[in-house]
Amino acid sequence: MATGRTHRPATRSRGIPEATVARLPLYLRALTALSERSVPTVSSEELAAAAGVNSAKLRKDFSYLGSYGTRGVGYDVEYLVYQISRELGLTQDWPVVIVGIGNLGAALAGYGGFASRGFRVAALIDADPAMTGKPVAGIPVQHSDDLEKIIAEDGVSIGVIATPAGVAQQVCDRLVAAGVTSILNFAPTVLSVPDGVDVRKVDLSIELQILAFHEQRKAGEEAGAEPGALPSAPAPYAATEGDAPARGGKGGGRKGPDGDAPAVMPA
């Protein structure tokens, strides 16, 4: 099986919109569930409902993949699983390093969904000397002094940052300098990265704040609050049909904030 540095997914060269890329894992999760039940074909309406999108958007997304289904039959489940997995780069092995092995980092290390989706936790890294050598999820923690060596030896191109916010940018800079080109950031801070480096941000506190806003609105409505007292909140991170192609570029400079939508850990 190929490693993460030998091939990059074709989504950018094909100009697939970023919003479509963000929905592909949702389709794949729904299709995988159908495959496990030995369902051979699925209609666009059924798959769209399972993925939580409308069928017109699903058909447009699949048109970017060159998959149009068969009238009266629908889509071949197994072929779509393969096709989406290929587009997402999941038909190969992606070694990942997790930096910051506190409670969150340890939980991520033990997450079983990584391996089943093509991601291999190659190393766990922490700055605390007391953590060095300690096994977490069966993997010994290594000291951050060896970060660059670890990345080079394991051919890592994806890094996960689960450190406190105050050191996240420093860790990010070291990862990028060592050759990491994709970062999943759990630290509650905005990272600045050069062009050509992709960052996806997961901030659970922001998601909870958005939910709290909606709960407050519902509570106000139930208490007879006057309609229209607060502006309507847009759906967080909602994608539209005019979404730009997937990010990524060449050349110098730095960019931020950390991507357009939060990465959501598959169930």
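Could you please find all residues in the range 131-163 being aliphatic (A, V, I, L, M), part of a loop (DSSP other than H, G, I, E, B) and more than 15 Å from G100 (Cα to Cα)? Steps first, answer last, please.
Going through the range 131-163, the residues aliphatic (A, V, I, L, M) turn out to be 131, 136-137, 139, 141, 147, 150-152, 156, 158, 160-162.
Subset that is part of a loop (DSSP other than H, G, I, E, B): 137, 156, 162.
The answer is V156, and nothing else.
Of all residues in the range 132-154, those satisfying the criterion of being open to solvent by 30 Å² or more (accessible area, probe 1.4 Å) and over 18 Å from R174 (Cα atoms) are T132, G133, K134, P135, A137, G138, I139, P140. Residues in the range 63-75 that are in contact with a helix residue (DSSP H, G or I) (Cβ under 9 Å, 6 or more places away or on another chain) and either outside any loop (DSSP other than H, G, I, E, B) or open to solvent by less than 80 Å² (accessible area, probe 1.4 Å) (or both): Y64, L65, G66, S67, G69, G74, Y75. Of the residues making up the range 183-222, those that are among the small types (G, A, S) and surrounded by fewer than 14 Cβ atoms within 10 Å (Cβ to Cβ) are S205, A212, A219.
Considering each residue of the range 194-223, count those that are assigned to a loop (DSSP other than H, G, I, E, B) and within 29 Å of V176 (Cβ to Cβ), and give that number.
Start the filter on the range 194-223 by keeping residues that are assigned to a loop (DSSP other than H, G, I, E, B), which leaves 195-197, 202-203, 223.
Remaining after also requiring within 29 Å of V176 (Cβ to Cβ): 195-197, 202-203.
Adding up the residues that qualify gives 5.
Tallying residues that are farther than 30 Å from V197 by Cα, open to solvent by 10 Å² or more (accessible area, probe 1.4 Å) and part of a helix (DSSP H, G or I) within the range 12-58 yields 11.
Within the range 102-118, if we keep just the residues that are in a helix (DSSP H, G or I) and surrounded by fewer than 16 Cβ atoms within 10 Å (Cβ to Cβ), the residue that is nearest to the chain's Cα centre (by Cα) turns out to be G113.
The values are calculated or read from the model by the stated rules, or taken from the named source; none is laboratory data. Everything numeric here is computed off the predicted structure, so don't read it as measured data. FYI the Cβ positions are ideal-geometry reconstructions off the backbone, even for glycines, and counts take in every protein chain you see. Heads up: the accessible areas ignore ligands, DNA and RNA and are worked out on the full protein's heavy atoms, side chains in. Shrake-Rupley method; radii C 1.70, N 1.55, O 1.52, S 1.80 Å.
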